[in-house]
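Since the structure comes first, as structure tokens, the remarks are kept for the end.
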């Protein structure tokens, strides 16, 4: 993007991928399902992509709002290299409008170089190794907004033997999802945020595109886990939970892990925390409908943080919060009935 002084733009400003030039000087961004039409000099809904002279630029290629080494269970991924750690990076802004966002201080803010730091793909992958992590993760806010940078990171990370993960609202276009997979995205965690009514009203989005991407990610061979943050008065009615369960069976399948997680008040939302009983009823419903691996999240010490064999009930992976306490899997199988358990990678204890 040309600067007023004619000097080179900063390293976090790059020409974007996935856009089309329209008549006049407008462009259509094709990164997420909003598909914003952006006039000259303006930004789209997410405020991270600007039209300058009919060329679309990302304003946060590698612009980090924070980096930390996290347990993979924090994402949450319970069936992807359990007990490992993932070097996690966030940026700014989001493609959803959720008024309860825990990370609102970055997700509700346009890219701000004064609050961030440019991190090159090469430097980030080296940081993964230095931190003793097994994977990369783009998270904290919507990871799709680091799209161009993530493609470069994933290729480098694979060459160094690391896995790549996304924690997302799942609203990217199919073109974006396929490009991420081609570059080396191994695992995708998607928060579906409820039924169609809740997602439309509170997030300003169409949940059908989210479930479509869950199905496509599985078809492309990615490891997928689905989260439903259960929020009182938003998506906790029995019929809403049933809708999530039925959609999960249809698009994700019975073997794909489903997490019902507790909400706590944040940002502009003051509803009380999710009662544990609601999460337990949601889990009971999901199991009764045939989903094999259903978890209760954000309730440290709850027995349904653990992984059980769906055939014989044997405790296979014992957890407390983000820690893996005990592992009883034998070559990815239940030691009692020998059922194969869909867990990717080595499973290790953390304490």
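The values are calculated or read from the model by the stated rules, or taken from the named source; none is laboratory data. Computed from a predicted structure; not experimentally measured. Backbone-built Cβ (ideal geometry, glycine too); neighbour counts: all protein chains shown.
Couple of notes before you dig in:
- Count - residues of the range 299-313 that are more than 16 Å from residue 80 (Cα to Cα) and surrounded by 15 or more Cβ atoms within 10 Å (Cβ to Cβ): 5
- For beta carbons closer than 6 Å, sequence separation of 6+ or different chains, a first residue in the range 101-130 that is over 17 Å from residue 143 (Cα atoms) and in the same structural domain as residue 263 (by TED's automatic domain parsing) and a second that is modelled with pLDDT of 95 or more and assigned to a loop (DSSP other than H, G, I, E, B), the qualifying pairs are 128/162.
- Any hit, the range 231-238, residues being closer than 19 Å to residue 186 by Cα and surrounded by fewer than 19 Cβ atoms within 10 Å (Cβ to Cβ): no
- Where residue 255 falls short, out of the listed (1) in contact with a helix residue (DSSP H, G or I) (Cβ under 8 Å, 6 or more places away or on another chain); (2) surrounded by fewer than 22 Cβ atoms within 10 Å (Cβ to Cβ); (3) not in a strand (DSSP E or B): (1)
- Count of residues meeting criterion [in a helix (DSSP H, G or I), without any contact (Cβ under 8 Å) to a residue 60 or more places away in the chain and surrounded by 18 or more Cβ atoms within 10 Å (Cβ to Cβ)] in the range 156-205: 8
- Residues in the range 213-249 that are part of a helix (DSSP H, G or I) and farther than 26 Å from residue 345 by Cα: 238, 239, 240, 241, 242, 243, 244, 245, 246, 247.
- Test: residue in the range 4-21 that is over 24 Å from the mean Cα position of the chain (by Cα), modelled with pLDDT of 95 or more and surrounded by 15 or more Cβ atoms within 10 Å (Cβ to Cβ): no
- Test: residue in the range 285-298 that is surrounded by fewer than 18 Cβ atoms within 10 Å (Cβ to Cβ) and modelled with pLDDT under 95: no
- Restricting the range 261-291 to residues that are outside any loop (DSSP other than H, G, I, E, B) and over 19 Å from residue 195 (Cβ atoms), the residue that is farthest from the chain's Cα centre (by Cα): 277
- A single member of 208, 218, 250 is without any contact (Cβ under 8 Å) to a residue 40 or more places away in the chain, surrounded by fewer than 23 Cβ atoms within 10 Å (Cβ to Cβ), over 18 Å from residue 100 (Cα atoms) and under 15 Å from the mean Cα position of the chain (by Cα), and it is 218.
- Filtered residues of the range 292-305 (kept if more than 15 Å from residue 276 (Cα to Cα) and under 21 Å from the mean Cα position of the chain (by Cα)): 293
- Every residue from the range 29-54 that is crowded, with 16+ Cβ neighbours inside 10 Å and assigned to a strand (DSSP E or B): 29, 32, 38, 43, 49, 50, 51, 52
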